[in-house]
Amino acid sequence: MAKHPEQRVGVLVDVANLYHSARNLYSKKVNFRKVLASAVAGRKLIRASAYVVRSDNNEDELAFFEALSQQGFEVIMKDLQTFAGGAKKGDWDVGISIDAIKLSHKLDVIVLASGDGDYIPLVNYIQNTTGCLVEVAGFRQTSSAKLIEIADDFINLSDRQFLINR
């Protein structure tokens, strides 16, 4: 797919999805700086948002969030929910989807950094209503095949350049 320098790009990163994929597949961490550079691909970056879940206020977690911020991301945070039975939940699917829809009216391209198939209706909606392109960045092995298929472009993060040692 042709990428033009004048395209306005927004990058929305589902941090937990990428983090857990890299850890489970390669026992490595994600190089979010390189993910951002590849997603932007020389175009005009309008917004880069990293959606994180704060599980506790430990120093490592806070340092990680600060590092994301220093790499050019607006870090959007919410607390991990713990339910009465002990179950925990902290996904950002709805929040990312709402932000993507709002931004799709102001951008030429949204890059969704997640392989989660739950985003398929979002991608279809944006493509069919706003004219905004939707590119996906994810690890091929853990990305929904249907999400890859419908995306306007797919960046395979399984390339070692997107990984760093733990």
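The values are calculated or read from the model by the stated rules, or taken from the named source; none is laboratory data. Just so you know, these numbers come straight off a predicted model, no measurement behind them. As a convention, Cβ positions derive from the backbone with ideal geometry for all residues, glycine included, and neighbour counts pool all protein chains shown. Quick note on the areas: whole protein, heavy atoms, side chains included, nothing else; ligands and nucleic acids left out. Shrake-Rupley method; radii C 1.70, N 1.55, O 1.52, S 1.80 Å.
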Net charge within 11 Å of Ala48 by Cβ-Cβ distance, Lys/Arg positive one each and Asp/Glu negative one each, not counting Ala48 itself?
+1
On a 0 to 90 degree scale, rounded to 10, what angle separates helix 120-129 from the longest Cα axis of the chain?
30 degrees
Find which of Ala151, Ile164, Ala50 sits farthest along the positive direction of the dipole of the chain, computed with +1 on the beta-carbon of Lys and Arg, -1 on that of Asp and Glu, about the Cα centre.
Ile164
On the protein heavy atoms, probe 1.4 angstrom, tell me the percent of accessible surface of the chain carried by carbon and sulfur.
48 percent
Cβ-defined net charge surrounding Ser144, 11 Å radius [Lys, Arg +1; Asp, Glu -1]:
-1
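Roughly what % of DSSP beta bridges within the chain run antiparallel, to the nearest 5?
Of all bridge pairs located within the chain, approximately 15 percent are antiparallel.
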Could you estimate the translational diffusion coefficient of the chain from the Stokes-Einstein equation, with Rh from the Kirkwood formula over C-alpha pairs, at 4 °C and 1.567 mPa s, in whole µm²/s?
80 µm²/s
To the nearest 10 square angstrom, how much accessible area does Glu149 have with a 1.4 angstrom probe?
130 Å²
What size of dipole, in debye to the nearest 20, comes out for the chain about its Cα centre when the only charges are +1 on Lys and Arg C-beta atoms and -1 on Asp and Glu C-beta atoms?
340 debye
Net charge of neighbours whose Cβ lies under 13 Å from the Cβ of Pro121, counting Lys and Arg as +1 and Asp and Glu as -1
-2
Residue-averaged 222 nm ellipticity for the chain, from DSSP H runs of 4+ at -39500 (n - 2.57), nearest 500:
-11000 deg cm²/dmol
In whole Hz, the Karplus estimates of ³J(HN,Hα) for the range 25-39 (6.51, -1.76, 1.60; θ = phi - 60°; x where Gly or Pro) are 7, 10, 6, 10, 9, 8, 8, 5, 4, 6, 4, 4, 4, 5, 5
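Give me the 1.4 Å probe accessible area per residue for the chain, excluding ligands and nucleic acids, in Å².
51 Å²
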Residues whose modelled amide H sits under 5 Å from the amide H of Val75, counting only those 5 or more places away in sequence or on another chain, are Ala50
